[in-house]
Protein chains: 2
Amino acid sequence: MRKVTIADVAAQANVSKSTVSQYLNKRYDYMGEKTKEKVKAAIEELGYQPNIVARSLKQKSTKTIGVIVANILHTFTTEVTRAIEDFCNGSDFHTIICNADDDPDKEKHYIEMLRAKQVDGLIIFPTGNNRELYQRMLDDQYPVVFLDRSVQDIPVSAVLLDNEKASQLAVDHLVQKGYEKIGIITTSIINHITPRLERIQGYEEAIRKHGLQLNENYVKSAEPSEIQDRLNELLNLDTPPEAIVAGNDLVLIEVLKYVKQNHIRIPEELAVIGIDDVSFASFYTPAITTVAQPTFKMGKMAAEVLLDKISKKKIKDDRPDFRFEPKLMVRDSV
Amino acid sequence: MRKVTIADVAAQANVSKSTVSQYLNKRYDYMGEKTKEKVKAAIEELGYQPNIVARSLKQKSTKTIGVIVANILHTFTTEVTRAIEDFCNGSDFHTIICNADDDPDKEKHYIEMLRAKQVDGLIIFPTGNNRELYQRMLDDQYPVVFLDRSVQDIPVSAVLLDNEKASQLAVDHLVQKGYEKIGIITTSIINHITPRLERIQGYEEAIRKHGLQLNENYVKSAEPSEIQDRLNELLNLDTPPEAIVAGNDLVLIEVLKYVKQNHIRIPEELAVIGIDDVSFASFYTPAITTVAQPTFKMGKMAAEVLLDKISKKKIKDDRPDFRFEPKLMVRDSV
DNA sequence: CTGAAAGCGCTTACAG
DNA sequence: CTGAAAGCGCTTACAG
């Protein structure tokens with residue numbers, strides 16, 4: 001079946017392509033009633049659908065943004081992504097999601113690919129290891145916003161959780177419940193990922209604030225696959241921690257697996273609190289106390305800021321970082 | 001910053017645009033070594049990136065597919081979608097995901113929008129209520145594959161679970177464990193959604209096969225928000241079921257919430273088995289016995305079939321349905 | 001109020 | 001081995 005084009009419609013309606021185009025773009029200002037009718041009829045008769053690729057080429061706008069996430073496995077990522085899509089759809093923008101899998105090479109490939117596809121802007125959960133590329137986008141005045149993580153010395157606006165506050169909330173709650181031996185486990189920090197560093201930082205400050213002894217053996221970071229081992233070390237210390245802060249959802253899951261396997265009772269033998277309000281927290285037994293991120297708001301903000309940059313053309317970042325408040329969800333695991 | 005185009009490269013290298021284009025498309029057959037060098041140098045010097053939109057317009061292929069899911073909230077959906085993206089990325093295709101939210105109007109909008117954007121094909125989890133549109137795609141020889149659901153009398157190839165088998169597996173296991181009073185709850189069937197209908201069908205057959213009494217009070221379908229009420233009815237019957245098959249992940253979650261709120265012990269007071277191997281099944285207490293769908297394989301197959309149709313141009317569907325085997329994951333909830 | 005013409009940035013037969 | 005020209009399907013000043 002041959003595609004019907006604007007030329008076919010013009011012929012059918014006995015007007016010029018320009019007129020059809022005007023009609024399509026709702027520029028009715030000077031269009032005669034009868035002309036409008038004719039064009040409308042021709043479009044319906046032929047089942048015409050405009051070719052957006054052609055329009056994009058001319059208008060230099062694809063009404064599409066790219067989202068490059070670091071790791072799609074986090075619930076945080078899926079929820080934020082969902083919010084971005086919702087917001088964009090509301091503004092008639094499409095969204096292409098790519099998963100960099102924490103791999104800078106993949107991230108590079110996606111950034112280049114997406115820009116070649118002429119997406120109007122990019123939301124990136126940066127791996128942090130493509131500084132030249134990030135800088136180039138800045139130099140090109142290309143619309144970008146970072147999400148979840150920021151990159152040292154790259155002044156791209158970033159939408160972030162107040163991560164220090166998140167672990168402070170966790171520690172405060174634990175202390176209030178009478179715990180003093182408190183450990184924290186995060187995923188790997190070898191790449192200096194913002195939220196992990198800041199959560200450890202916040203933990204340490206909170207410990208000090210409460211006049212507790214900061215024990216560096218109580219702070220562990222590792223790949224998810226190694227977390228069970230780290231936990232094992234932790235709980236076999238001479239004076240093991242009595243409470244654990246899980247740095248994110250993946251860590252929490254590993255903790256829960258370990259706990260189940262070793263028949264440890266929560267919270268009697270070990271108190272557990274997780275950052276990221278996992279889906280099963282409320283109906284798990286015991287229900288898990290967590291620190292929730294406002295994922296929906298954060299995604300919406302990122303999309304809003306990006307679409308704003310896109311429409312303004314001027315990319316001025318007088319306020320590069322947006323910090324969001326975490327929220328304590330008290331349940332039964334501490 | 002002005003975009004650098006193929007014309008700039010040509011000027012810089014002192015060759016024609018055609019030659020640059022040949023180079024970009026790796027048609028080196030007749031290209032002189034020095035020419036190649038010159039072009040390469042010019043591209044690097046200018047930091048040239050081809051404009052894929054222009055290429056797409058000419059080539060009538062965007063190397064992008066659309067995926068319209070019925071409801072992004074199912075883990076099945078997110079996992080399958082992930083598999084599709086992985087497979088497509090491997091073939092240098094991009095993926096645009098849209099969530100129809102079980103709303104036929106949204107589905108219609110996305111199908112039209114995506115086709116207008118010239119995506120090369122579509123994977124759809126059909127709502128079932130846009131028959132004319134589905135038929136039109138068939139008439140247009142437009143590449144489509146259905147996923148999770150099929151639509152009566154619309155011969156589009158569909159990638160499906162063997163749903164009857166799934167509930168049979170569940171019932172068989174329950175019966176083997178000594179249960180005879182077995183109920184099933186699914187999400188709403190008012191729209192005749194394939195998997196729900198087939199799962200109820202399979203349940204009924206299995207019940208009969210085991211010589212058990214088929215009790216229609218034991219079969220419930222409802223929106224997620226009403227499932228708690230249905231459960232309440234079910235368990236307050238004169239002879240309530242002693243085991244429940246949860247028709248999908250969302251139903252399972254509602255069941256678990258209900259169970260927790262009412263302090264019902266699993267499996268002592270109520271055996272529970274869910275279709276969809278939810279993320280927390282293995283470390284929940286008790287660990288949940290489930291029937292798993294091969295989500296990764298199903299997504300891969302859908303993508304494979306679609307890309308195949310796209311490359312063949314000929315859309316012949318001599319084998320419209322692909323059925324996948326569910327797998328019983330025995331744990332502690334029954 | 002409507003149309004002719006140029007142009008967006010590529011690709012591709014075809015000529016030489 | 002390389003280039004001139006046409007064309008993909010639109011939009012948009014501009015002329016009338």
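The values are calculated or read from the model by the stated rules, or taken from the named source; none is laboratory data. Remember, predicted model here, so these are calculated numbers, not experimental data. FYI the Cβ positions are ideal-geometry reconstructions off the backbone, even for glycines, and counts take in every protein chain you see. Ligands, DNA and RNA are excluded from the accessible area calculation, which covers all protein heavy atoms including side chains. Shrake-Rupley method; radii C 1.70, N 1.55, O 1.52, S 1.80 Å.
Some points to look at:
- Some residue of the range A:37-46 being in contact (Cβ under 8 Å) with a residue 40 or more places away in the chain and within 10 Å of another protein chain (Cβ to nearest Cβ): no
- Residue that is least open to solvent (accessible area, probe 1.4 Å), among those in the range B:213-230 that are charged (D, E, K, R) and under 19 Å from residue B:257 (Cα atoms): B:220
- Residues (open to solvent by less than 60 Å² (accessible area, probe 1.4 Å), within 44 Å of the chain's Cα centre (by Cα) and within 8 Å of DNA strand C (Cβ to nearest atom)) located in the range A:21-46: A:21
- Unmet requirement for residue B:252, which otherwise passes all of (1) within 14 Å of chain A (Cβ to nearest Cβ); (2) more than 30 Å from residue B:147 (Cβ to Cβ); (3) open to solvent by less than 40 Å² (accessible area, probe 1.4 Å): (2)
- Out of B:202, B:299, one residue alone is among the small types (Gly, Ala, Ser) and within 30 Å of residue B:120 (Cα to Cα). It is B:299.
- All positions within the range A:267-307 that are more than 20 Å from the chain's Cα centre (by Cα) and within 21 Å of residue A:203 (Cβ to Cβ): A:267, A:270, A:271, A:272, A:273, A:281, A:288, A:289
- Residues of the range A:260-283 that turn out to be at the interface with chain B (Cβ under 10 Å from one of its Cβ atoms), without any contact (Cβ under 8 Å) to a residue 24 or more places away in the chain and not in a helix (DSSP H, G or I), as a count: 2
- Residues that are surrounded by 20 or more Cβ atoms within 10 Å (Cβ to Cβ) and touching a Phe, Trp or Tyr at 6+ places or on another chain (Cβ under 7 Å) were ranked within the range B:281-298; the one that is farthest from residue A:333 (Cα to Cα) is B:298.
- Selection count, the range A:50-60, where residues are more than 7 Å from DNA strand D (Cβ to nearest atom) and surrounded by fewer than 16 Cβ atoms within 10 Å (Cβ to Cβ): 1
- Pairs with Cβ under 7 Å, 6+ apart, first in the range B:108-125 and away from chain A (no Cβ under 11 Å), second of a type in the set (Lys, Arg): B:120/B:63; B:121/B:309; B:125/B:149
- Criterion violated by residue A:101 - all others in (1) open to solvent by 10 Å² or more (accessible area, probe 1.4 Å); (2) away from every other protein chain (no Cβ under 11 Å) satisfied: (2)
- Verdict on residue B:198 being in contact (Cβ under 8 Å) with a residue 24 or more places away in the chain and either surrounded by fewer than 23 Cβ atoms within 10 Å (Cβ to Cβ) or acidic (Asp, Glu) (or both): yes
- Here residue A:18 fulfils each of the conditions (1) within 12 Å of DNA strand D (Cβ to nearest atom); (2) touching a residue at least 24 places away in the same chain (Cβ under 8 Å) apart from (2).
- Among the conditions (1) away from chain A (no Cβ under 14 Å); (2) of a type outside the set (A, V, I, L, M); (3) within 12 Å of DNA strand C (Cβ to nearest atom); (4) touching a Leu at 6+ places or on another chain (Cβ under 9 Å), the only one that residue B:16 does not satisfy is (4).
- Residues within the range A:143-153 that are surrounded by 19 or more Cβ atoms within 10 Å (Cβ to Cβ) and not in a strand (DSSP E or B), tallied: 5
- If the condition is being open to solvent by 40 Å² or more (accessible area, probe 1.4 Å) and within 16 Å of DNA strand C (Cβ to nearest atom), then the range A:61-82 contributes only A:63.
- Residue match in the range B:92-103 (condition: acidic (Asp, Glu), part of a helix (DSSP H, G or I) and either without any contact (Cβ under 8 Å) to a residue 40 or more places away in the chain or not assigned by TED's automatic domain parsing to the domain that holds residue B:189 (or both)): no
- Among the residues of the range A:220-240, just one is among the β-branched types (Val, Ile, Thr) and out of contact with any strand residue (DSSP E or B) (no Cβ under 9 Å at 6 or more places or on another chain), namely A:239.
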